[in-house]
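What follows is a single structure, written as structure tokens, with notes after it.
The values are calculated or read from the model by the stated rules, or taken from the named source; none is laboratory data. These numbers were taken from a predicted model, which means no experiment stands behind them. Note that we place each Cβ from the backbone using ideal geometry, even for glycine, and neighbour counts take in every protein chain shown. Protein only, heavy atoms only, side chains kept; ligands, DNA and RNA dropped before computing areas. Shrake-Rupley method; radii C 1.70, N 1.55, O 1.52, S 1.80 Å.
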Amino acid sequence: MDYRLINAKTFDDWNQNGWEWGIPIAAEIFAAAKTGNWNVLLTPTKPVPKSWFPSLANAKVLGLASGGGQQMPIFAALGAVCTVLDYSESQLESERLVSRRENYEIEIVRADMTKPLPFANETFDMIFHPVSNCYVENVEPIWAECYRVLKKGGRLLAGLDNGLNFVFGDQEGVFEYVLPYNPLNDKELYEQSIANGWGIQFSHTIEEQIGGQLMAGFTLKEIYQDTNGSGLLHNFNLPTFYATLAVK
């Protein structure tokens, strides 16, 4: 089976067990957002600075691999015209659930972000892309597609994994794996990933992540780092994620 389909099924399995990134926001959070009281996450713990966002009223916003009913409902509450693209049926079902409950419109697209995005050039004012490209082998084509579908002056907000988590595996504090982490190039790691229900995940370098954005044509404006939110690495305040604001 193609690894991307494996990952889509993995997210669906995780959601059946209450995965935190697939739990739709409560009605109270949506209502608070409509009054201007809101925040969203690109990485596990740090809210994205409000200064990173354009004016969201009537802005065309793409949530790229951003299903789960957590971020897009906030943008809809703030008046954005929202589209969400994800490959997991259950993540998209969470989007449908909130949109029906709160009575707003959102375009819901099931598609593989490693393929050309099904949108015209210069469609969106903002792309919101939480940590997710660790489930994709090659990220540079994704940055190129983001650049294509953004309007001039459009903003790309991305959450990124720095690879440190892959060194330790489940046993934080014990070095287990050598970077780059790529189960497609390691039969034993692939079998272990399937057996443990990890999905097929990949580490990426700063050259791929930030360098890839720059090569696509973006200008990097701001960046911050974040931790796992729990566990040994978090307790030692070791950054394992970072978030970027880039502009076309």
Exercise. What angle do you read, to the nearest 10 degrees and between 0 and 90, between the alpha-carbon axis of helix 3-16 and the longest principal axis of the chain?
Worked result: 70 degrees
For this session: Rounded to the nearest 0.05, what FRET efficiency do Phe175 and Arg100 give with R0 = 51 Å and r taken as the Cβ-Cβ distance? Could you check?
Result: 0.60
For this session: Please list the non-local residues whose amide H lies under 5 Å from the amide H of Leu42, H modeled 1.01 Å from N, same-chain partners needing a gap of 5 or more.
Result: Val48
Problem set entry | Derived scalar couplings ³J(HN,Hα) [region 142-151; Karplus, 6.51 cos²θ - 1.76 cosθ + 1.60; whole Hz; x for Gly, Pro] | 5, 5, 5, 5, 4, 4, 4, 8, 7, 6
For this session: Using θ = phi - 60° and the Karplus relation 6.51 cos²θ - 1.76 cosθ + 1.60, list the HN-Hα couplings for region 61-67 in order, rounded to whole Hz, with x at every Gly or Pro.
Result: 10, 9, x, 8, 6, 10, x
For this session: Take every Cα pair under 8 Å in the chain that's 6+ residues apart, average their separations, divide by the length, and report that relative contact order as a whole percent.
Result: 19 percent
Problem set entry | Difference of contour (0.36 nm per residue) and Cα-Cα distance, Met1 to Val167 | 57.2 nm
Seminar exercise, completed: Long-range amide H partners of His204, meaning residues 5 or more apart or on another chain whose placed amide H is closer than 5 Å, are Gly163
Problem set entry | Cα-based helix-to-principal-axis angle, 206-216 vs the chain, degrees rounded to 10 | 40 degrees
Problem set entry | Ranked by how many other beta carbons lie within 10 Å on average, peptides 238-246, 144-152, 62-70, 24-32 from highest | 62-70, 238-246, 144-152, 24-32
Problem set entry | Of Lys60/Lys248; Lys46/Lys115; Lys46/Lys151; Lys151/Lys248; Lys152/Lys221; Lys50/Lys152, those spanning more than 18 Å from alpha-carbon to alpha-carbon | Lys46/Lys115; Lys46/Lys151; Lys50/Lys152
Problem set entry | Where the chain is the region considered: accessible area per residue in Å², 1.4 Å probe | 47 Å²
Problem set entry | Highest-MSF residue in the chain out of Thr219, Thr35, Thr45 [GNM, Cα springs under 10 Å] | Thr35
For this session: Could you run the Karplus curve 6.51 cos²θ - 1.76 cosθ + 1.60 with θ = phi - 60° over region 181-196 and give me ³J(HN,Hα) per residue in whole Hz, x for Gly and Pro?
Result: 8, 8, x, 6, 10, 9, 4, 5, 5, 4, 5, 5, 5, 5, 4, 8
Problem set entry | Amide hydrogen neighbours beyond the local backbone of Phe124, cut-off 5 Å, H modeled | Leu150, Lys151
Exercise. What share of the DSSP beta bridges in the chain is antiparallel, in percent to the nearest 5?
Worked result: 45 percent
